[in-house]
1. Can you tell me which residue is nearest to residue 92 (Cα to Cα) among those in the stretch 40-69 that are of a type in the set (Val, Ile, Thr) and not in a loop (DSSP other than H, G, I, E, B)?
2. When the residues of the stretch 80-97 are filtered to those that are assigned to a loop (DSSP other than H, G, I, E, B) and small (Gly, Ala, Ser), which remaining residue is surrounded by the fewest Cβ atoms within 10 Å (Cβ to Cβ)?
3. Please go through (1) surrounded by fewer than 12 Cβ atoms within 10 Å (Cβ to Cβ); (2) modelled with pLDDT of 85 or more for residue 5 and return the number of the only condition it doesn't satisfy.
4. Tell me, which residue of the stretch 50-74 that is at pLDDT 90 or above and of a type in the set (Lys, Arg) is surrounded by the most Cβ atoms within 10 Å (Cβ to Cβ)?
5. Consider the stretch 34-91. How many of its residues are free of Cβ contacts under 8 Å to residues at least 12 places away in the same chain and among the polar types (S, T, N, Q)?
6. Failed condition for residue 23, given (1) touching a Gly at 6+ places or on another chain (Cβ under 6 Å); (2) free of Cβ contacts under 8 Å to residues at least 12 places away in the same chain; (3) aromatic (Phe, Trp, Tyr), with all others met?
7. Are any residues in the stretch 35-49 modelled with pLDDT under 85, surrounded by fewer than 16 Cβ atoms within 10 Å (Cβ to Cβ) and of a type in the set (Gly, Ala, Ser), and if so, which ones?
8. What's the number of the condition residue 77 fails, among (1) touching a Ser or Thr at 6+ places or on another chain (Cβ under 8 Å); (2) modelled with pLDDT of 85 or more; (3) assigned to a loop (DSSP other than H, G, I, E, B); (4) surrounded by fewer than 16 Cβ atoms within 10 Å (Cβ to Cβ)?
Amino acid sequence: MKAARLSLSVLSLLQLFTELESFDITAAAVRDTSGGCGQMYEIMVEASGFTNMSLIKRQMAVAKALKEDISQWHGFTMQAGSPGNTPLTEILAELRK
């Protein structure tokens with residue numbers, strides 16, 4: 001029996017930050033929404049460099065950084081925005097309480 005491979009590895013997250021370094025990421029979060037199989041994810045990225053970019057261009061930048069992983073997933077949702085314009089800001093504020 002083969003060991004299950006984690007679909008979103010630490011290396012993938014490092015790749016995300018490396019690819020998007022020029023966008024000045026201020027926060028990022030990934031949540032497995034698959035119920036345990038590791039094939040569905042919710043991805044949220046905030047970056048100062050996203051401020052004047054269209055939604056499509058922001059999403060394309062994130063998808064490009066994770067393209068190898070995305071090809072192996074069943075599905076994912078993504079939110080990419082400037083600081084203060086995604087639910088990530090509220091989530092982080094709650095965690096800091």
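1. 45
2. Here the residue is 84.
3. With (1) surrounded by fewer than 12 Cβ atoms within 10 Å (Cβ to Cβ); (2) modelled with pLDDT of 85 or more applied to residue 5, the lone miss is (2).
4. Out of the qualifying residues, it is 58.
5. Going through the stretch 34-91 one residue at a time, the tally reaches 3.
6. Tallying (1) touching a Gly at 6+ places or on another chain (Cβ under 6 Å); (2) free of Cβ contacts under 8 Å to residues at least 12 places away in the same chain; (3) aromatic (Phe, Trp, Tyr), residue 23 fails exactly one: (2).
7. Scanning the stretch 35-49 gives 35, 36.
8. Result: residue 77 passes all but (3).
The values are calculated or read from the model by the stated rules, or taken from the named source; none is laboratory data. The structure displayed is predicted, hence computed values, not measured ones. Heads up, the Cβs are rebuilt from the backbone with ideal geometry, glycines too, and the neighbour counts pull from every protein chain shown.
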